[in-house]
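Visitor: Would you mind keeping the following structure in view while I ask a few things?
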Amino acid sequence: MRMAAPPDVPVTVDDAALIEQSWRRPDVFAVLYDRYFDEIYRYLAGRLGPHIADDLAAETFLVAFRKRRSYDAARGAVRPWLYGIATKLLAQHRRSETRRLSAFQRAPVDVLADDGPEDRVTTRVAAANAQGRLASALERLSHGDRDVLLLIALADLSYEEVAQVLDIPFGTVGSRLNRARKKLRAALGGTNPMIGGSDG
Amino acid sequence: MDDDLTAVRDLLSAPGPTRETADKGRARLRDELSRRPRRWVTPLRTGMVAAALATALGVAVIMPSDDLVLLTPDPTTASTAPTARQILLAAATAMARTPSDGDYWRARTVTGKLIVSPDRGYVLRRDSASETWLTRAAGGRSGSFNQYLGARPATEKDKLAWQAAGGPVSWRYPDDVTGMGFIGAGETVQSAPGARVGGAPKEPVDWDEVNRIPAGAAPLRSYLEARIGAVSPRELDSRLRKSCMEILSGLPVSPEVRASAYQVMASLPGMTAEGEVTDPLGRTGQALRYQVNRPEGQVSDARFVVDPDSGFPLANETKGVGRLADGQSVEVSSFTAYQQIGWTDEEPDWGSDGVHAE
């Protein structure tokens, strides 16, 4: 986790050190599971829906465990490494991702996204429409562009981390992201930001 | 702006795994872990002695950290929570005494950001103001106004660095904005303020729905829980808090409902009092720190500033760490400061340009 530990709590062991320790003590690897399962799951569930995420999130950690000796701390942190594994696994489920994005365009959004806007107290009139257009734009992105965009938007990885995770040049990350965002902005057109959202 | 990325996050946000899913995945991993023979692999650069030492250290370090991991979900409930609770309950009492009716419900907020300049030399602050006026009178006119307030160096020290950089009045951001704070790649920030722009309320209000929001801590909590639906307990707490903040800062409800929102917040774990602070508009209030579960599953630190004497929320801030070119780390943030929220008989300044608001 990236949260700052309160000062009176001893500092937890750093991820890379855990991996190295897990070489000899496999059970140590379970700590990484507890640290990252939740967010890896959400990333996969966001892209593929909860059903496939149930399996794939667990699979991500099995693969990570088997590959733990090839993890190289000099090439980046553990967290993006896990996202890289998840994204590679996800590549075998492109069709499910496309189907999910198509479904967003047909159905009212809150039927599908159980963490959608329904917890907001007010009714968002324009939301369904805009989200349909957004889903359609996402569906039309190339796989490479979509991976870059979603690793940044959903996983909050830096450009450098995305470059490492996808094994592409740093500059390519920026150009793919720009291209993807241009398309999204065009699709979103003139939708209004909400009260309390980002400033103008 | 980041509106497109925010929209993507909103669209693809997913609830966390159920406990069952997490347990099943952990069981699968444990199977895998125990199946592996405990082979001794000596790391290349370490001899046997170092390896043995590392193992010894590993045992010593790992065992307590396993416990810590279990503790991390809620490190805040212990000794400091009652103070946060007291502050919120005091705010609830004060809030209940505020005006309960008026011709308009008015919310005036300033949203702003502290971001690192594109040359990573100093910190910039950019602000925008927004006003919403809502009336439920038949045939009444509701509207909202927005104004970009401009950008400037955040502090005197930043001002010196800005002057040394030639005093630019517009800042174009590069593709890599890592460590710059809440700013999008390729964006341009202008120092000059913009015009006050009016229009229909950004957020259409469904008065029937608003009127259904009950007062009283227990009824309000049940109402919100029903809307949120089945989520993990931790997620529920986080979403209840978010809903209460929305009620306090963004919804035209009665002071009783808003007081109840404070009470519900006071009943939730996870807020820590940090003492008296100055908010982004220079006002004094009590800071309550909490964590926000972002849709993608990460957690970020946020701060809610409240004035327990008046009962009004002052600001909500999310902070991060930015980095300057010389390696110095600086605070970056994104905030919303609430100037006025509540019922009033004042009239909005509709502006001379004949804004057509409905």
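Visitor: Among the residues of segment A:137-174, what is the count of those that are hydroxyl-bearing (Ser, Thr, Tyr) and within 19 Å of B:Met180 (Cβ to Cβ)? Working first, answer last.
Guide: Here is the first cut: in segment A:137-174, the ones hydroxyl-bearing (Ser, Thr, Tyr) are A:142, A:158-159, A:172.
Okay, now just the ones that are also within 19 Å of B:Met180 (Cβ to Cβ), so A:158-159.
Qualifying residue count for the region: 2.
Visitor: Now, a different point. For segment B:224-235, which residues satisfy the criterion of being buried (at least 18 other Cβ atoms within 10 Å of the Cβ) and within 13 Å of B:Ser267 (Cβ to Cβ)?
Guide: Of everything in segment B:224-235, just one residue is buried (at least 18 other Cβ atoms within 10 Å of the Cβ) and within 13 Å of B:Ser267 (Cβ to Cβ), namely B:Leu224.
Yes or no, residue by residue, for (1) in contact with a strand residue (DSSP E or B) (Cβ under 9 Å, 6 or more places away or on another chain); (2) aliphatic (A, V, I, L, M):
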| position | (1), (2) |
| --- | --- |
| B:Ala192 | yes, yes |
| B:Gly198 | yes, no |
| B:Tyr223 | no, no |
| B:Ala226 | no, yes |
| B:Ser238 | yes, no |
| B:Lys242 | yes, no |
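Visitor: So for segment B:141-156 (the condition being in a loop (DSSP other than H, G, I, E, B) and touching a Pro at 6+ places or on another chain (Cβ under 9 Å)), does at least one residue qualify?
Guide: Among the residues of segment B:141-156, at least one is in a loop (DSSP other than H, G, I, E, B) and touching a Pro at 6+ places or on another chain (Cβ under 9 Å), which makes the answer yes.
Visitor: Exactly one of these conditions fails for B:Asn316: (1) polar (S, T, N, Q); (2) without any contact (Cβ under 8 Å) to a residue 40 or more places away in the chain; (3) closer than 29 Å to A:Asp156 by Cβ. Give me its number.
Guide: (2)
Visitor: Step by step: first the residues of segment B:229-259, then only those that are outside any helix (DSSP H, G or I), touching a residue at least 40 places away in the same chain (Cβ under 8 Å) and at the interface with chain A (Cβ under 8 Å from one of its Cβ atoms), then the one that is nearest to B:Ser130 (Cα to Cα). Which residue is that?
Guide: Going through the qualifying residues, I end up with B:Leu251.
Visitor: Quick one: which strands (runs of 3 or more DSSP E) sit completely within segment B:260-358 and have at least 1 residues that are at pLDDT 85 or above and among the polar types (S, T, N, Q)?
Guide: On the way: elements: B:272-278, B:284-293, B:299-306, B:313-323, B:329-344.
Of the strands (runs of 3 or more DSSP E) lying wholly inside segment B:260-358, those with at least 1 residues that are at pLDDT 85 or above and among the polar types (S, T, N, Q) span B:272-278, B:284-293, B:313-323, B:329-344.
Visitor: Name the single residue that is modelled with the lowest pLDDT among those in segment A:123-177 being more than 7 Å from every other protein chain (Cβ to nearest Cβ) and part of a loop (DSSP other than H, G, I, E, B).
Guide: A:Arg124
Visitor: Just for segment B:169-182: of the residues that are assigned to a loop (DSSP other than H, G, I, E, B) and touching a Pro at 6+ places or on another chain (Cβ under 9 Å), which one is nearest to B:Gly351 (Cα to Cα)?
Guide: Looking at the filtered set, the residue picked out is B:Tyr173.
Visitor: Here is a follow-up. Pull up segment B:169-178, narrow it to residues that are of a type outside the set (Ser, Thr, Tyr) and buried (at least 17 other Cβ atoms within 10 Å of the Cβ), then point me to the one that is nearest to B:Ser144 (Cα to Cα). Break it down stepwise before answering.
Guide: First, the residues of segment B:169-178 that are of a type outside the set (Ser, Thr, Tyr): B:169, B:171-172, B:174-177.
Now restrict to residues that are buried (at least 17 other Cβ atoms within 10 Å of the Cβ): B:171, B:177.
Working: B:Trp171: 28, B:Val177: 32 Å.
Ranking the qualifying residues of segment B:169-178, first place goes to B:Trp171.
Visitor: Across segment B:183-193, what is the total count of residues that are assigned to a strand (DSSP E or B) and either of a type in the set (A, V, I, L, M, F, W, C) or within 23 Å of the chain's Cα centre (by Cα) (or both)?
Guide: Going through segment B:183-193 one residue at a time, the tally reaches 1.
Visitor: Then there's this: Please go through (1) touching a Cys at 6+ places or on another chain (Cβ under 8 Å); (2) farther than 26 Å from B:Trp105 by Cβ for B:Val264 and return the number of the only condition it doesn't satisfy.
Guide: Looking at each condition in turn, B:Val264 falls short on (2).
Visitor: Follow-up question, since we're still on this one. Considering B:Tyr223, B:Tyr262, B:Tyr290, which residue is free of Cβ contacts under 8 Å to residues at least 24 places away in the same chain and of a type outside the set (A, V, I, L, M, F, W, C)?
Guide: B:Tyr223
Visitor: Out of the residues in segment B:194-223 that are assigned to a helix (DSSP H, G or I) and facing another protein chain (nearest Cβ under 8 Å), state the one that is surrounded by the most Cβ atoms within 10 Å (Cβ to Cβ).
Guide: Filtering first and then ranking leaves B:Val210.
Visitor: Still on this structure, please answer the following. Go through the residues of segment A:66-81 one by one and say whether even a single one is modelled with pLDDT of 90 or more and farther than 22 Å from A:Arg25 by Cβ.
Guide: yes
Visitor: Just checking, which of A:Leu62, A:Leu44 is part of a helix (DSSP H, G or I), in contact with a helix residue (DSSP H, G or I) (Cβ under 9 Å, 6 or more places away or on another chain) and either more than 10 Å from chain B (Cβ to nearest Cβ) or surrounded by fewer than 20 Cβ atoms within 10 Å (Cβ to Cβ) (or both)?
Guide: A:Leu62
Visitor: If you don't mind, another one. Consider only pairs whose beta carbons are under 9 Å apart and that are at least six residues apart or on different chains; among these, list those whose first residue lies in segment A:166-178 and is of a type in the set (Ser, Thr, Tyr) and whose second residue is surrounded by 13 or more Cβ atoms within 10 Å (Cβ to Cβ).
Guide: A:Thr172/A:Gly144; A:Thr172/A:Val148; A:Thr172/A:Ala163; A:Thr172/A:Leu166; A:Ser175/B:Asp175
Visitor: Here's something else I'd like to know. Determine, yes or no, whether A:Phe37 is buried (at least 20 other Cβ atoms within 10 Å of the Cβ), at pLDDT below 85 and out of contact with any Asp or Glu (no Cβ under 7 Å at 6 or more places or on another chain).
Guide: no
Visitor: Any idea which residue in segment B:121-141 is nearest to the other protein chains (Cβ to nearest Cβ), counting only those that are touching a strand residue (DSSP E or B) at 6+ places or on another chain (Cβ under 6 Å) and small (Gly, Ala, Ser)?
Guide: B:Ser128
Visitor: Now for a separate question. Working only within segment B:142-171, note down all residues that are at pLDDT 90 or above and within 14 Å of chain A (Cβ to nearest Cβ).
Guide: Hits for segment B:142-171 are B:Gln147, B:Tyr148, B:Leu149, B:Gly150, B:Ala151.
Visitor: If you don't mind, there's one more thing I want to ask. Please go through segment B:205-219 and give me each residue that is touching a helix residue (DSSP H, G or I) at 6+ places or on another chain (Cβ under 7 Å) and in contact (Cβ under 8 Å) with a residue 60 or more places away in the chain, ordered by number.
Guide: Let us first name the residues in segment B:205-219 that are touching a helix residue (DSSP H, G or I) at 6+ places or on another chain (Cβ under 7 Å), namely B:213-217.
Within segment B:205-219, no residue meets the criteria.
Visitor: Among the residues of segment B:260-270, how many are more than 14 Å from every other protein chain (Cβ to nearest Cβ), farther than 20 Å from B:Pro15 by Cα and either surrounded by fewer than 20 Cβ atoms within 10 Å (Cβ to Cβ) or of a type in the set (A, V, I, L, M, F, W, C) (or both)?
Guide: The initial filter retains those residues of segment B:260-270 that are more than 14 Å from every other protein chain (Cβ to nearest Cβ), namely B:262-263, B:265-269.
Okay, now just the ones that are also farther than 20 Å from B:Pro15 by Cα, so B:262-263, B:265-267.
Filter once more, keeping what is either surrounded by fewer than 20 Cβ atoms within 10 Å (Cβ to Cβ) or of a type in the set (A, V, I, L, M, F, W, C) (or both): B:265-267.
Total meeting the criteria: 3.
Visitor: Condition check: assigned to a loop (DSSP other than H, G, I, E, B), touching a helix residue (DSSP H, G or I) at 6+ places or on another chain (Cβ under 7 Å) and more than 30 Å from A:Ser158 (Cβ to Cβ). Does B:Arg136 satisfy that?
Guide: Taking the combined requirement at face value, the residue satisfies it.
The values are calculated or read from the model by the stated rules, or taken from the named source; none is laboratory data. Quantities reported herein were computed from a predicted structural model and do not represent experimental measurements. For neighbour counting, all protein chains shown are included, and Cβ atoms are generated from backbone atoms with ideal geometry for every residue, glycine included.
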